[in-house]
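Throughout, read-outs are computed from the coordinates displayed, never taken from laboratory work. Everything numeric in this text was worked out from a predicted model, so none of it was measured. Neighbour counts run over all protein chains shown; Cβ positions are idealised from the backbone, glycine included.
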Amino acid sequence: MVKKPFIVGNWKMNLTLSEGVEFAKSLKSKLNRKNETICGICPPFVFLRDICSVLESSGICIAAQNIHSDKNGAYTGEVSAPMIKEIGCTHVLIGHSERRHIFGETDSFINAKIKAALSVNLKPILCVGEKLNEREEGRTEYVIKNQLKEDLKGISADQTKELVIAYEPVWAIGTGRTALPEQANEVHLFIRDFLTNEYSRDIASSMCIQYGGSVKPENARELMAQPAIDGLLVGGASIKLESFLKIIEAASGN
């Protein structure tokens with residue numbers, strides 16, 4: 001079975017509520033239900049209820065940008081998986097490089113978050129990737145393998161069916177630099193080899209693995225032409241409707 005490309009826009013800490021709602025309405029009206037891609041957006045927490053309402057029954061996935069690993073507790077400023085699920089989200093970003101490197105999230109914390117998401121039927125989009133010095137030192141595969149091994153500890157083969165992995169080289173996020181399509185494809189192949197060894201060839205081939213890192217309309221088609229890349233995790237280019245639609249169009253081969 002051919003996998004449909006999965007294109008997700010991560011708004012990060014951008015837009016206003018009114019801008020976000022208008023974006024969602026326009027996206028819903030412009031996307032053809034017969035489109036050859038699956039589309040999703042990751043609005044800020046405070047927009048989620050309104051945008052879930054706008055996009056209900058649209059086929060567009062809505063993801064939170066983060067969750068805490070516990071269902072409740074004295075964690076001021078945090079949001080739990082059950083809260084996100086209750087308002088209508090289907091997915092959640094976990095382990096984004098900005099969470100890892102700005103906020104100091106560890107692999108054990110990320111692993112606990114994945115388990116929390118799966119416990120309420122939220123689909124995790126697990127982000128992994130190396131920093132510039134790690135790539136220059138030839139340690140890309142070592143870093144990716146360690147992240148995956150720790151992040152997926154205790155995750156069963158059956159649970160992986162709900163998982164998406166996003167490879168996002170840290171040195172290409174928000175920098176304007178993009179991994180060459182061939183470089184990205186090599187890492188995607190390495191991730192599939194890891195999944196084959198840890199789980200099975202069927203799981204490795206069926207899992208959606210996205211590329212994220214300065215994705216733009218200009219490079220989307222070339223990235224998606226790589227055989228091991230199943231989708232795109234889009235940052236800055238996803239907060240402008242026109243550029244996001246162009247990326248979706250390029251991913252669908254139109």
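A Förster radius of 35 Å combined with the Cβ-Cβ distance from M13 to N146 puts the calculated FRET efficiency at roughly 0.75.
Label sites at S206 and R177, each approximated as a point 7 angstrom past Cα along Cα to Cβ, lie 3.8 nm apart. Spin-label pair L31-Q159: with each label point 7 Å from Cα along the Cα-Cβ axis, the two points sit 2.8 nm from one another.
When the chain is treated as a Gaussian network with alpha carbon springs shorter than 10 Å, the biggest mean-square fluctuation among S214, S108, S156 belongs to S156. What is the local net charge at N197, summed over the other residues whose Cβ is closer than 14 Å to its Cβ (Lys, Arg +1; Asp, Glu -1)? Local charge sum for N197: 0.
Diagonalise the Cα gyration tensor of the chain and give the resulting equivalent ellipsoid semi-axes, square root of 5 times each eigenvalue, largest first, whole Å. Don't skip to the answer; put the middle values down first.
Working: eigenvalues 123, 102, 61 Å².
Ellipsoid half-lengths, sorted descending, are 25, 23, 18 Å.
Magnitude of the charge dipole for the chain, about its Cα centre and with charges confined to Cβ atoms of Lys, Arg (+1) and Asp, Glu (-1), is about 560 debye.
Based on the alpha carbons, how large is the Rg to Rh ratio for the stretch 103-254 when Rh follows Kirkwood?
Working: Rg = 15.2 Å, Rh = 15.9 Å.
Answer for the stretch 103-254: 0.96.
For K131, a cut-off of 21 angstrom between C-alpha atoms picks up these lysines, skipping any fewer than 8 places away in its own chain: K12, K145, K149, K216.
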